[in-house]
Structures are given as C-alpha cells and as structure tokens.
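S.K.: Here's a structure for you.
The values are calculated or read from the model by the stated rules, or taken from the named source; none is laboratory data. Values in this document were obtained by computation on a predicted structure and should not be read as measured data. Counting neighbours? That spans all protein chains shown, and the Cβs are built from the backbone with ideal geometry, glycine included.
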Amino acid sequence: MGERDGHLLTVAGLEALLQALTAQGRRLIGPTIRDGAILYEEIEGIADLPRGWTDEQGPGSYRLRRREDDALFGHVVGPHSWKRFLHPPRRELWRARERDGEVELRPAALPEERLALVGVRSCELAAIRIQDRVLLEGPFADPHYRAMRERIFLLAVDCGEPAATCFCTSMGGGPQAREGFDLALTEILLDGERCFFLRTGSAAGAALVAELDPPPADARAKSAAAAVVERARASMGRKMPEADIRDLLLASLDHPRWERIAERCLACTNCTLVCPTCFCSTVEDTNDLLSGETVRSQRWDSCFSAEFSYMNGRAVRAGTASRYRQWMVHKLATWHDQFGSSGCVGCGRCITWCPVGIDITEEVAAFAAGAAVPAEGD
Amino acid sequence: MEIHDLEEVLRGHPFFEGLEPQLARLVRGCARLQRFDPGQRLFREGEPAEHFYVLRRGRVALELSVPGHETLVFQTVDAGEIVGIAALVPPYRSLYDARAVARTVVIAIEARCIRDKCETDPRLGYELMKRLVPVLFQRLRATRLQLLDVYGAPGD
Amino acid sequence: MFMAPPATDIAPRDPLLPRIVRLRGKRREIRGVWSLEVVAEEGEPLDFAPGQFSMLTAFGVGEVPVSVSGRTRDGIGLVYTIRAVGAVTAALCGLRTGAPLGLRGPFGAGWPLEEAAAREVTVIAGGLGLAPLRPAIEAVLAAGGRLVLLYGARGPSEILYPADLARWQSARRAQVEVTVDHAGPEWHGHVGVVTRLVPRARFDPDTALALVCGPEIMMRFAVSSLREAGLSDARIFLSMERNMKCAVGFCGHCQFGPHFVCRDGPVLGYDRLAPLLRIEEL
Ligand SMILES: Cc1cc2nc3c(=O)[nH]c(=O)nc-3n(C[C@H](O)[C@H](O)[C@H](O)COP(=O)(O)OP(=O)(O)OC[C@H]3O[C@@H](n4cnc5c(N)ncnc54)[C@H](O)[C@@H]3O)c2cc1C
Ligand code: SF4
Ligand code: FES
C-alpha cells in the first residue's frame, strides 16, 4: 500500500484529488482566508486555499503576510481547530414535548454528512486522537462524535515552516504527519515546480490513490520531502522544558506563581476555545414558546468561567489563579492520569490567541526553575 | 472503705486513666460521688464555679438562656467526659447552665481543694493539665465546625 | 479511514439521552426536603448500587445529579431525597404524582460494600448526607455486618428518616448515635457536632471501614476524628460532590484533581483524596 514508496502529485493532481473527494459526496473543509486569519471553512478546491500567504505568530499576536512564493500550505494553524467539526461549539441533544402528562422525547438526528478535512497538521492528528480517547474510548461513547469521526477523511499536510509559537516536537509529535491520516502531503519544489510527495495511511486513502493513479515518487522527491520535514524540525519556534511536567505541576499546586499568572490572565477563555483538545461542555435547556418544546443543547464550556465549578451557591474555583491552575494542570498533568497522555500537542494556539500573551512553555519553565531552586522565595 | 472505692472509681474513669496511685489519692481527697435526677442542675451561668465534674453515668446538657428565645442546648456531655472546667480557670465563674437530662452520677471535685493541691504538688498540676488540654482542644475544634453551620438549609 | 476507533461494547444508547420515568409518589421528609418515588413507564425494575447517583430532568427546567436513597417498597422503583435549593431541585420537589421526569443513570462508583458487608462498617453522615448512605446501611444490616452509625443534623426537626433510624437502632448488631448541632430543652439526645461521637463509636480500627457523606467541611473534620481513632486512610471512603453536567466523563465539570467525580466517584477512598483535599479551590 505504498506508504513507504509514496507518490508524486502535481498541483493539478491535488485539485483532482480534492474533486475526487467531492465526488464521493464529501464536503471539503480546509484552510482559507477569512476576517484576516486563516480559518477552517468549506472550500471548493485549491483556489480557496491561502496560496502565497503565511501567518506570523507570537505571544498575543497573529498577522497574515504575503509570502515570496506561492506555497499552498505555507502557513501553520489559526484560531480554528478541527474539533469544531467533530465536537461542535453547539449542538442540540434532544427536544421534548409535554402534553397531557405525556412526554415525547426526540433525540437530535445523528450527522450523516461526510467531511473531508484538508490540510490537517501533525499536531491536529494528535489532537483528534486525544479527543477520541475522551469521547469514544472511555466507558461511554458520544454517538455524535462517533458518527462524525467514522465518516471523515483526513488529508494531512506536513509542516514546512513552524511558527514562532510551535513546539510540537517537544510534545512527542513533530512537523511530519506520522499516523492517523488517510493521505498525507509534503509540499516540495522539484526543479522549481511546486508539487507534493503523497503518502498513504489507510485503505480509504489507498483507494483514492488507485483511482487517481499518480506516478510513484522517485528518490529525489523523497529526499526533498525529508529535507522539508528536517528543516521544519530544526526551526521549531518554542520548546517545552524537558522535565517530568506531570510530577512538577502536581508538586506545585500551592506555588505562589499561580497568583502571578492570575495577575495577567483575563479569564477570557480564549485559550480553551482555540485549544484543539479542550473538550469541556455544558448543557442548556431552553423552551420554545411557539412549539411548546423543551430543547436541550450542549455547548463548549471553559474552566475559566465562574459557573463552571458552581456548587452549593458558589464557585469552587473562585479566583483566576485556581482556574488557570485547573486548565494547565489538567492539560499537562492530570490528563496523563485520565487518558494516558498529555493533553497538549504543542500547536501553540493558546500562546498566540491569549490577549496578554501568556506562554504555557514559559510558565512551565518557570515552575521547573523554581523546583530546581526550592529556597527561592519566588 | 468507701474512700478506697472512690479512688478506684477515679482511676477507672477515662479522664484519670493511668494516673499514678499517689496522685489519685490526692484527687480523692477533694472528691465525692454525687447523683442528679433528670432536670436537676449541676450549676448555673454566672454562679461561682466551685466544682469540676467527672461524669460516670448519664448525660448533662449545657445550655444558654437567650432572652426572648427558647433555652438553647449547645452541647451534651456523656459518661466518660468532664464538665465544669470554669472551676479551674479564673475568675471561676460558670459560663452556662448544666442540667442533667438523664439519671446522672458524677464525681464532683472541689475546685479550690484541687487547685491548692496542684500548687503544692506541680506533678499533679501537670497531670491535670495534660488531661485537660486535649479536651479543650477537641471542644474548640467541635465549636469551629458548629459555628460553620454546615447543614443549614438556604434562607436561614 | 485509518485506525477506526476500537468498537466499545457499550450499549449503542446515547448516554446523554434521558429515559422517561414517572413520579409514583412523594413524601415530605423535613422542611424543604422531599423523597420522590420514581418508576419506569413500562414497569420494568430500575437498578442501582448503593452510593450511585442519577441525573434527573425536570422537563423545561433542567437536569441535576441526585443520589439514589433507596428502592421503593415493591423493589421496582428508586427513591431520591431532594432538598429544594434552586430552580431544578425546586421543580423536582414540586412535581405532582404521576408526572413524567427524565432519568439518566445510575452512574458512578458506589460504596465498597463487597469489602464491607461481612464486616464492620462505621457510617458518619451529616444532614442530607444520610440519603446516599441509607441503601448502604440497609445492605450492611441485611448481610449481617456490624454497623455503627453516627448521624448529625442541624436540629431535632431536621433529622432525616427518623423511622429508619429507630429501626436501625433496634437492630442487633448496630450502634446508632444521633446528634444535633443545637436543640431546645425538650431534646434528650446528643447535642454537639457529629465528630464528637467518634470516640464513642465501638469499632475495631484494623477491620472496620468508614463511609462518610455530608458537607465537605464536615467530612474533613470526620476524617480527622477517624484517623485519631486509629483508622487508616485506605479504610475511609467519602462521597464527593462537584458540579456535574454529563455524569459520563464528557463535560469536564466534575474534575477533582485527576478524578472525574462522576465516573471515578462519587465515592472515593480517602487515601486518594487526602493530597487533594488540602489544596484550596481545586
Ligand atoms: C453526586 C451528587 C449527588 C447529589 N445527591 C443529592 C441528593 O441526593 N439530594 C439533593 O438534594 N441534592 C443532591 N445533590 C446536589 C444537587 O445536585 C444540587 O443541589 C442541584 O444541582 C442544585 O440544582 P438547582 O438547579 O436546584 O440549583 P442551582 O444551584 O441554583 O442551579 C444548578 C445549576 O445551575 C447553574 N447555576 C445556578 N445558579 C448559578 C449562578 N448564580 N451562577 C452560575 N451558575 C448557576 C449551575 O451550573 C448549577 O450547577 C447531589 C450532587 C451530586 C454532585
Ligand atoms: S491564559 Fe490568556 S487566553 Fe487563557 S483565559 Fe487567561 S487571558 Fe484568556
Ligand atoms: S459530570 Fe461531566 S465529566 Fe463528570
């Protein structure tokens, strides 16, 4: 099934691939420029991709910039992540109609739509696997998530130019898509011509390759792809400290630094919304006065909100320090206990989209430094 | 005979458990057995506190009379416990009423007598102190929890 | 697609979808507290393990976690004892007999009764905390175990399940002590916080298990008294409460350190809780 061999795809070949996915009855979702950012929206083909654009990212800053070339995937990740399609920001769970003491309960229909996600990065494949563990592989499974998940096609892309906020390599990932995809692309230049080294990761991917029948990749294409990945690996913008972060944070629960972070954190919830693994949700019951129906919906929630921990008339986590602590300790420490891995994939979104530029790698480094010098009074 | 018995009774009570015989004899010299019927008071708030009581049997309710309010029982003390610590602490006045709620048998220890003996034999004073402090400590802790009024239904 | 998530052998039923049950009867227990008897529409028995909870929906108002406090007399339904404190609990307590309500669950890990039934169990309950313990008490007595029950309430008029308490009191292998925080002069029982009863409890700290439920502060005090009485942390179990929205590990609300209280709890061993309970605002 040619994973090791790979194929070579021209730009026109990529367009043909996207059209073949459309022909399967799939809706294409991919990166496209909208409102000054690269978002994941419905696309029709490569014309909608942010060709020739890149995103400059830093703590609390994001800016689109024209590239010197016409790369199709010469950018990294924006404020959207794929979770908005698999675990949507809001969805109806059921509606009920009560009449004469009888209740008729109707569960929301399961999605039947088939999506093809185009340009999925390695960190995002890792994030999807993490959400699988939460929503499918525990004692209970979320049927909506399962229905979406079983139907998606994942067209991955290796990263060539990590942003200044990226640190996937230090979270055990890397710029190259390694597993969990149907097909994966590496954007390369061969004799000045833009093309793609194509790898196959599943039977569905192999079937498409068989249908399109692109030429096999030669040694030159392979080594060009390897060089792209190698360069990316070497230019990773940030690094998570190499400590046992789980033990470090669990030993720091009453560290004074949480209060220092809280002086900056606005509890705006941005970091949890852009995070590709944050899964928390809440439910809302609303009454439709016209139809007399009660509707229960689920929507994303954030551990930064006061209501999140509300119990017996007050919030258990009353201050921002304890909320930030909950977020970071869950993501980097207790996630290991719960799901057997870190909850962080190193995509850097929380750093970019934090309005005050709080940098999770810098905070971990500060705890690590504090742990090394316990006498320091902070 | 009777007096010898009282010394054994004393040393058999959890409060005086393990007290060496010589010191128990000193305490015995200040002690006598006393019975209270249900409803009978051991002492009243504001009175000079002349005795400190070691309960052998029964139950004593500690109460506060609050003007315009039903008398409030804030604690009960059962066999094995003590009551009337005010008799050992200046200004030696009772801080609340103590009323038997069951047939109650106590060893009443005359406070001035025991205080004098503690002064002359600090070993006795120290023994008494070691036994009193944990009781006070536990009551303080219980009071703290009681103050929190943790079961309170909302709205009151 | 690559690596289809492994098929789990759970029922295909949506865990977030309630089933419709009916309120068969209700009774006022104490001021503001009602017990609801709930039966399935088709009359098939509803099951649970002592210490588990359900998610109850008052249609049009919302859904809340409530512990199962017993079985109906005929064994087919479940009983819930609810204090009306807010919108949903007030709506549940205000339902009329025969009204439909939504039920999910039962969920969570209950009391460690397999371990406990044959031996000694010391139960410390405060206020409404007696509700999730009632089925455990019945199970221990039914299995011939030895029971010590220390129960604290605010005042004599707020003692839950007085008839059950009297029945347990007369059981052969039971020591039942009830205390109230304050009382009038007509009350002849204990007055004082429930932890003061611990030294009176007759149990062997090497074999007894302690099951504790009540307000979190009360549980903390109870644990320190139990430890003074010689019980090791691994023999003490607390029923924890946290905000819960899903009860199945999806919503994240109930997290307490590494634990999902809905799934790993609500009953958790104190050996696992001790390092967490000392952290503020966890
Ligand atoms: C495992 C478990 C078992 C339980 N067992 C029992 C039991 O047996 N009996 C019993 O009586 N209770 C029990 N409870 C407690 C019971 O679930 C709560 O009393 C109930 O959720 C309160 O809901 P309410 O709508 O009536 O009141 P509220 O507390 O007013 O509202 C409930 C929800 O609405 C939201 N909310 C309300 N007000 C605010 C606000 N000001 N700000 C933000 N959000 C707000 C919160 O998200 C809250 O969770 C149990 C709880 C748990 C976790
Ligand atoms: S860390 Fe930043 S993004 Fe997250 S809640 Fe605080 S201010 Fe918002
Ligand atoms: S209640 Fe939703 S995760 Fe526990």
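S.K.: For segment C:240-272, how many residues meet the condition of being farther than 17 Å from C:L56 by Cβ and in a strand (DSSP E or B)?
M.R.: 7
S.K.: Right, another one. Quick one: how many residues across segment A:260-272 are more than 14 Å from chain C (Cβ to nearest Cβ) and more than 8 Å from ligand 2 (Cβ to nearest atom)?
M.R.: Qualifying residue count, segment A:260-272: 2.
S.K.: Of all residues in segment A:139-172, which are within 14 Å of chain C (Cβ to nearest Cβ) and under 30 Å from A:L64 (Cβ atoms)?
M.R.: A:M148, A:I152, A:F153, A:L154, A:L155, A:A156
S.K.: Which residues, taken from segment B:97-156, are assigned to a loop (DSSP other than H, G, I, E, B) and closer than 19 Å to C:V193 by Cβ?
M.R.: Those that are assigned to a loop (DSSP other than H, G, I, E, B) and closer than 19 Å to C:V193 by Cβ: B:V101, B:D149, B:V150, B:Y151, B:G152, B:A153, B:D156.
S.K.: Go through (1) more than 16 Å from ligand 3 (Cβ to nearest atom); (2) modelled with pLDDT under 95 for C:L276 and report which single condition fails.
M.R.: Every condition holds for C:L276 apart from (1).
S.K.: Which numbered condition in (1) free of Cβ contacts under 8 Å to residues at least 24 places away in the same chain; (2) away from ligand 2 (no atom under 16 Å from the Cβ); (3) within 22 Å of the chain's Cα centre (by Cα) is the only one that C:L226 fails?
M.R.: The number of the failed condition is (1).
S.K.: Right, another one. Here are some conditions: (1) more than 10 Å from every other protein chain (Cβ to nearest Cβ); (2) within 16 Å of ligand 1 (Cβ to nearest atom); (3) of a type outside the set (S, T, N, Q); (4) touching a Cys at 6+ places or on another chain (Cβ under 9 Å). A:R299 meets all but one. Which one does it not meet?
M.R.: Condition not satisfied by A:R299: (4).
S.K.: State whether the residues of segment A:182-200 include one that is of a type in the set (K, R), surrounded by 18 or more Cβ atoms within 10 Å (Cβ to Cβ) and assigned by TED's automatic domain parsing to the domain that holds A:A109.
M.R.: Within segment A:182-200 (the criterion being of a type in the set (K, R), surrounded by 18 or more Cβ atoms within 10 Å (Cβ to Cβ) and assigned by TED's automatic domain parsing to the domain that holds A:A109), the answer is yes, since at least one residue qualifies.
S.K.: Please go through segment C:224-244 and pick out each residue that is surrounded by fewer than 24 Cβ atoms within 10 Å (Cβ to Cβ) and touching a Cys at 6+ places or on another chain (Cβ under 6 Å).
M.R.: Scanning segment C:224-244 gives C:R242, C:M244.
S.K.: Confirm whether C:C254 is within 14 Å of ligand 3 (Cβ to nearest atom) and outside the structural domain of C:V88 (by TED's automatic domain parsing).
M.R.: In short, yes.
S.K.: Between C:P185, C:P162, which is over 21 Å from C:L238 (Cα atoms) and more than 9 Å from chain B (Cβ to nearest Cβ)?
M.R.: Answer to the selection: C:P162.
S.K.: So in segment A:333-352, with the set limited to residues that are more than 16 Å from ligand 3 (Cβ to nearest atom) and more than 16 Å from the chain's Cα centre (by Cα), which one is surrounded by the fewest Cβ atoms within 10 Å (Cβ to Cβ)?
M.R.: Here the answer is A:G340.
S.K.: While we're on this one: When segment C:38-56 is examined, which residues are found to be within 22 Å of C:S239 (Cβ to Cβ) and of a type outside the set (A, V, I, L, M)?
M.R.: C:D47, C:F48, C:P50, C:G51, C:Q52, C:F53, C:S54 - these are the residues of segment C:38-56 that are within 22 Å of C:S239 (Cβ to Cβ) and of a type outside the set (A, V, I, L, M).
Matching residues to (1) among the aromatic types (F, W, Y); (2) in contact with a helix residue (DSSP H, G or I) (Cβ under 9 Å, 6 or more places away or on another chain); (3) part of a strand (DSSP E or B); (4) not assigned by TED's automatic domain parsing to the domain that holds C:S224:
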position: C:Y80; (1), (2), (3), (4): yes, yes, yes, yes
position: C:V85; (1), (2), (3), (4): no, no, no, yes
position: C:A91; (1), (2), (3), (4): no, no, no, yes
position: C:T122; (1), (2), (3), (4): no, yes, yes, no
position: C:G129; (1), (2), (3), (4): no, yes, no, no
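S.K.: Go through segment A:275-376 and tell me which helices (runs of 4 or more DSSP H), entirely inside it, have 1 or more residues that are among the hydrophobic types (A, V, I, L, M, F, W, C) and within 12 Å of ligand 2 (Cβ to nearest atom).
M.R.: In segment A:275-376, A:320-329, A:349-352, A:360-372 are the helices (runs of 4 or more DSSP H) which contain 1 or more residues that are among the hydrophobic types (A, V, I, L, M, F, W, C) and within 12 Å of ligand 2 (Cβ to nearest atom).
S.K.: Answer yes or no as to whether A:R95 is touching a Ser or Thr at 6+ places or on another chain (Cβ under 9 Å), surrounded by fewer than 18 Cβ atoms within 10 Å (Cβ to Cβ), more than 10 Å from every other protein chain (Cβ to nearest Cβ) and of a type outside the set (F, W, Y).
M.R.: When the stated conditions are applied, A:R95 does not pass them.
S.K.: May I pose another question? Only one of C:G102, C:G108 is crowded, with 21+ Cβ neighbours inside 10 Å, among the small types (G, A, S), more than 13 Å from ligand 1 (Cβ to nearest atom) and modelled with pLDDT of 95 or more; which?
M.R.: Result: C:G102 is the single residue among C:G102, C:G108 that is crowded, with 21+ Cβ neighbours inside 10 Å, among the small types (G, A, S), more than 13 Å from ligand 1 (Cβ to nearest atom) and modelled with pLDDT of 95 or more.
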